[in-house]
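In what follows, a structure is listed as structure tokens, so that the remarks can point back to it.
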Amino acid sequence: MIVVTGASGNLGGHVIASLLEKVPAAKIIATVRNVEKAGDLAKLGIHLRQADYAKPATLAAAFAGAEKVLLISSNELGERVAQHQAVINACVAANVKLLAYTSLLRADTSTLSLASDHLATEQAIRSSGLPFVFLRNGWYQENHTEALGPALQHGAILGAAGDGKFAAATRADYAAAAAAVLSGQGHENKVYELVGDEAYTLSELAAEVSKTAGTAVAYQNLPPAEYEKALLGFGLPAPVAAMLADSDAGAAKGELESASRDLRSLLGRSTTALAQSIRSAIQTK
Ligand SMILES: NC(=O)c1ccc[n+]([C@@H]2O[C@H](COP(=O)([O-])OP(=O)(O)OC[C@H]3O[C@@H](n4cnc5c(N)ncnc54)[C@H](OP(=O)(O)O)[C@@H]3O)[C@@H](O)[C@H]2O)c1
């Protein structure tokens, strides 16, 4: 049995869809915090189980019979290391044969504030003695394409990344790579640095958005503190605004760029082009 945690999330949904192309539904267990809210998953014929990372008592039953587990990192900043440790403990108790974890690009050397939780989780997984795979995901293209409405309205994309490049990839591509690992063989104790084939600056992003939308959109670079303030002004929670400003400042120094071709190699094809993601985002607006 293959268990996917966080299956009600954006990445989790893509992982389940990709896995269904490779293994029978009866071999897939999706874990979610709230089973009532996950009716669409239940309709797919997969097993649905409840698991809350913050409630260790829910985890033993969730992982019973698991052979391989994908731990999708929690989105609860500040709580993640303890939550992930609870999942690791449950995987040890269930004697799983492979624990895959969605980490961060170069989590061991990255200076991004996001990296510390991921590195601590990787270290906890190594200490557990379980066979593991670290899927070190780079930036999601969707972080740049999902909410283009205000950018088109105001003719500006704000950021603090300067000329730093983002070798971003779509969630669907990261998910397909995770499904390839979970349904394949020979990935034990591998560390994959996963990025898109194409890296772009935020000025290049703005130019591509302008071209596709037929509306002039310019990139406006701000000092990280100003960008954080702007994000707070848009109503983002303080930890998220701080994390995004820090990530852009890191991108300016190359922290979200990489020449790794691990993602392309796991997919067996090129990664989704930025232009295509922008086209889809604008068409579905
Ligand atoms: N690389 C990037 O650019 C990037 C960007 C954003 C996030 N991330 C990371 O990648 C992860 C997956 O991305 P995503 O887009 O799928 O995020 P998402 O849509 O926010 O999904 C996060 C998932 O984590 C689950 N979760 C949170 N706390 C939990 C808990 N205590 N117990 C069990 N499940 C819990 C959520 O469950 P509910 O449905 O019950 O809320 C949801 O299914 C994120 O959680 C974050 O760590 C990476």
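Taken together, the values in this text are just the output of simple stated rules run on the coordinates, not laboratory data. Predicted model only: the values in this text are computed from it and were never measured. Please note: Cβ atoms are built from the backbone with ideal geometry, for glycine as well, and neighbour counts cover all protein chains shown.
Worth pointing out:
- Take the Cα of residue 153, go 7 Å toward its beta carbon, and none of the backbone nitrogen atoms of region 200-229 fall under 14 Å from that spot.
- Sequence-distant residues sharing a close amide H with residue 166 (under 5 Å, placed H): 200, 201
- Relative contact order for region 130-285, counting Cα pairs under 8 Å that sit 6 or more residues apart, in percent: 37 percent
- Long-range Cα-Cα pairs in the chain (distance over 27 Å), rounded percent: 41 percent
- Summary of packing: across the peptides 266-279, 92-105, the per-residue average of other C-beta atoms within 10 Å ranks them, highest first, as 92-105, 266-279.
- Applying a length cut-off of 27 Å (Cα extent along the axis) and a mean Kyte-Doolittle floor of -0.5 to the DSSP H helices of the chain leaves no helix.
- Region 169-242 - Debye-derived log10 I(q)/I(0), Cα point model, q = 0.15, 0.21, 0.24 Å⁻¹: -0.84, -1.01, -1.07
- Averaging 1/r over every pair of different alpha carbons in region 126-283 and inverting the result gives a Kirkwood radius of 16.6 Å.
- Residues 165, 211, sorted so that the one with the fewest Cβ neighbours within 10 Å comes first: 211, 165
- Pair residue 120, residue 93: separation of 7 Å Cα→Cβ label points (nm): 2.2 nm
- Summarising the overall dimensions of region 48-169 from its C-alpha atoms, the Rg and Dmax are 17.3, 53 angstrom.
- For region 218-269 and region 191-215, distance of Cα centres in Å: 12 Å
- Among residues other than residue 230 with Cβ under 15 Å from its Cβ, the summed charge is -3 (Lys and Arg +1, Asp and Glu -1).
- Which of 56, 284, 147, positive extreme of dipole for the chain (C-beta unit charges): 56
- Which of 245, 23, 93, positive extreme of dipole for the chain (C-beta unit charges): 23
- Rounded to the nearest 20, the size of the Cβ-charge dipole of region 156-234 about its Cα centre is 160 debye, with Lys and Arg at +1 and Asp and Glu at -1.
- Theoretical FRET efficiency, 1/(1+(r/R0)^6), r = Cβ-Cβ of residue 108 and residue 279, R0 35 Å, to 0.05: 0.45
- Alpha-carbon gyration tensor eigenvalues x 5, square-rooted, for region 100-218, Å: 33, 16, 10
- Placing a label point 7 Å from the Cα of residue 236 along the Cα-to-Cβ direction, the residues of region 168-208 whose backbone N falls under 15 Å of that point are 202.
- Antiparallel bridges, percent of DSSP beta bridges restricted to the chain (to nearest 5): 5 percent
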